[in-house]
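Here the structure comes first, spelled out in structure tokens, and everything after it is commentary.
The values are calculated or read from the model by the stated rules, or taken from the named source; none is laboratory data. Keep in mind that what you see is a predicted model, and the values were worked out from it rather than measured. No Cβ is skipped: glycine too gets one built from the backbone with ideal geometry, and neighbour counts run over all protein chains shown. Areas reflect the complete protein model, heavy atoms only, side chains present, ligands, DNA and RNA absent. Shrake-Rupley method; radii C 1.70, N 1.55, O 1.52, S 1.80 Å.
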Amino acid sequence: MDILNNLVLGFSVAATPIHLLYALIGVLLGTMIGVLPGVGPVATIAMLLPITFNLSPVAALIMLAGIYYGAQYGGSTTAILVNLPGETASVVTCLDGYQMARQGRAGPALAIAAIGSFFAGCVATLVIAVAAPPLAEVALKFGPSEYFSLMVLGLVAATVLAHGSLIKAIAMVLLGLLLGLIGTDVNSGVLRFTFGVPELSDGIGFVVVAMGMFGLAEIIANLELKGTREVFTGKVKNLFPTRADLKRAWPAILRGTALGSFLGILPGGGSILSAFGSYTVEKKLSKYPEQFGKGAIEGVAGPESANNAGAQTSFIPMLTLGIPGNAVMALMIGALMIQGIAPGPQVMTEKPELFWGLIASMWIGNAMLVILNLPLIGMWIKLLTVPYRYLYPSILVFMAVGVFSLSNNPFDLVVMAVFGLLGYICTKLECEPAPMILGFILGPLMEENLRRAMLLSRGDPTVFITKPISAGFIIASLILLVIVALPALRKKRQEVFVEET
């Protein structure tokens with residue numbers, strides 16, 4: 001009954017004209033950047049963070065959330081029609097979606113992707129509404145030692161589930177933790193790692209780091225891409241899938257939704273791992289495994305459902321525990337902090353209109369996406385034909401204006417340029433920047449909770465293993481590290497991330 005009353009409150013907030021407008025803006029932008037290869041939701045949200053200064057917290061989160069799950073929809077369009085993933089989670093959709101387009105079946109592929117994403121989004125939103133309140137109640141009982149151990153687990157999980165080399169992922173987390181220490185020590189007032197630069201006394205701005213590492217680095221990397229794209233503009237017809245298509249797709253949609261809803265809750269899981277996991281499951285269970293990679297509709301239905309479910313359930317740890325599960329959730333926490341809201345379980349009790357308004361807006365946003373995606377497919381196809389060299393100057397100007405508007409300080413532009421170069425180098429070295437952003441966000445919070453725990457225990461470090469919940473998180477972190485260090489599993493982990501790409 002409480003959940004029903006809370007959802008009524010949520011819909012009363014989300015259905016106001018202004019919030020409907022921001023939901024529409026969010027899903028439109030999300031679809032657009034999902035369609036455009038090489039921009040991605042992380043870079044877009046990073047660019048738009050300065051705009052949220054002048055919005056209410058509810059409107060800001062509704063718009064940013066719309067961008068995130070809207071990008072999951074839009075990414076499938078590019079993957080199916082051009083064989084280029086609009087964002088990372090759509091890599092798997094390229095395998096069978098593009099083959100369907102080449103066979104003249106782009107319409108059913110796009111339709112099944114939209115149907116699967118809508119169903120998964122609705123189920124995942126229900127999961128959030130049911131699972132988040134009890135989890136937040138448990139989290140309210142957490143002390144500093146439990147929070148510190150939970151953050152350690154979050155960083156370890158994000159490292160283990162990151163793409164590529166485990167050593168590189170750990171290095172990126174440590175770099176993020178070190179960057180988070182720059183500035184003035186809250187307790188002693190001593191400047192740390194500022195190297196005599198007065199502008200660094202308040203630390204490095206999160207928005208500046210995010211824009212550089214994701215936005216600017218993405219632009220530099222994309223300028224290297226050359227060659228023409230084969231876009232199936234004339235073959236998008238017969239949008240509705242046949243009865244045989246639906247019969248094969250529905251089990252995949254249900255399995256993808258269940259898998260994505262679970263994996264999205266895990267730190268570091270989210271939409272990417274969900275999509276890869278779903279494709280592997282469908283290939284194993286299919287009666288026609290030989291069709292995978294040649295146009296199997298299950299290869300579109302499963303991953304598209306899973307990535308949308310994973311994208312939305314990744315809000316659970318962010319909203320209830322204040323722990324970002326991936327780079328997008330780290331940006332969401334940044335948006336909350338910009339608004340002066342401390343992320344964590346108290347948000348649900350202190351700001352119920354924010355929490356439930358966001359959840360209700362996800363249902364509305366998913367409905368908007370189905371209405372927008374299929375009838376407007378022609379418009380998205382036209383957008384695909386715009387050369388990237390015409391788009392990047394306007395994106396660059398928008399980013400520069402956004403960063404400068406933060407504090408009217410040209411130094412921020414220099415810092416963004418430095419992090420853009422660092423992000424580009426990381427791309428070349430195959431070091432994923434997402435773990436660094438998670439370390440950067442969680443570093444100061446970890447330090448604060450570590451100090452509080454040590455003060456309360458009068459310097460006794462065993463406090464982290466004598467408290468049951470804290471000990472559980474530490475043990476889980478150690479088990480994860482041991483498991484991933486085993487040679488057989490390490491090899492399997494590399495196969496999962498390399499095989500499909």
Completion exercise
The summed charge of the Asp245 Cβ neighbourhood (under 14 Å; Lys/Arg +1, Asp/Glu -1) stands at +1
Problem - Solvent-accessible area per residue, Å², over the range 294-355 with all protein chains present [probe radius 1.4 Å] - result: 19 Å²
Practice task
Please tell me which of these pairs span more than 29 angstrom C-alpha to C-alpha: Lys168/Lys284; Lys283/Lys382; Lys247/Lys294; Lys294/Lys428?
Solution key: Lys168/Lys284; Lys283/Lys382; Lys294/Lys428
Handout entry: Mean ellipticity per residue at 222 nm, deg cm²/dmol - from DSSP H runs of n ≥ 4 across the chain, formula -39500 (n - 2.57)
Key = -24000 deg cm²/dmol
Handout entry: Loop-located trypsin sites (Lys or Arg not before Pro) in the range 53-154, at most 10 other Cβ atoms within 10 Å (DSSP)
Key = Lys141
Handout entry: Assigned charges on the beta-carbon of Lys, Arg, Asp, Glu; the chain dipole about Cα centre (debye)
Key = 1240 debye
Problem - Free-standing Cys residues across the chain, given no other cysteine C-beta under 4.7 angstrom - result: Cys94, Cys122
Completion exercise
Within the range 95-140, DSSP-loop chymotrypsin sites (Phe, Trp or Tyr not before Pro) with at most 15 other C-beta atoms within 10 Å are none
Exercise for the section: Express the carbon and sulfur contribution to the solvent-accessible surface of the chain as a percent, rounded to the nearest whole number, probe 1.4 angstrom. Expected result: 69 percent
Exercise for the section: Would you work out which of Leu64, Ala132, Phe118 lies farthest towards the positive end of the dipole of the range 46-181? Charges go on Cβ: Lys and Arg +1, Asp and Glu -1. Expected result: Phe118
Fill in the blank from the handout: Neighbours of Leu181 by Cβ distance under 11 Å: Lys/Arg at +1, Asp/Glu at -1, summed charge -1
Handout entry: Amide H contacts of Ile323 (H built 1.01 Å from N, under 5 Å, at least 5 apart or other chain)
Key = Met318
Practice task
Quote the charge dipole size of the range 241-311 about the Cα centre in Debye, to the nearest 20; the model charges only the Cβ of Lys and Arg (+1) and of Asp and Glu (-1).
Solution key: 220 debye
Completion exercise
Filtering chymotrypsin sites (Phe, Trp or Tyr not before Pro) in the range 322-404 by DSSP loop and by at most 14 other Cβ atoms within 10 Å leaves none
Fill in the blank from the handout: Computed ³J(HN,Hα) along the range 283-289: with the Karplus parameters 6.51/-1.76/1.60, θ = phi - 60°, integer Hz and x for glycine or proline, the list is 5, 6, 8, 5, 6, 10, x
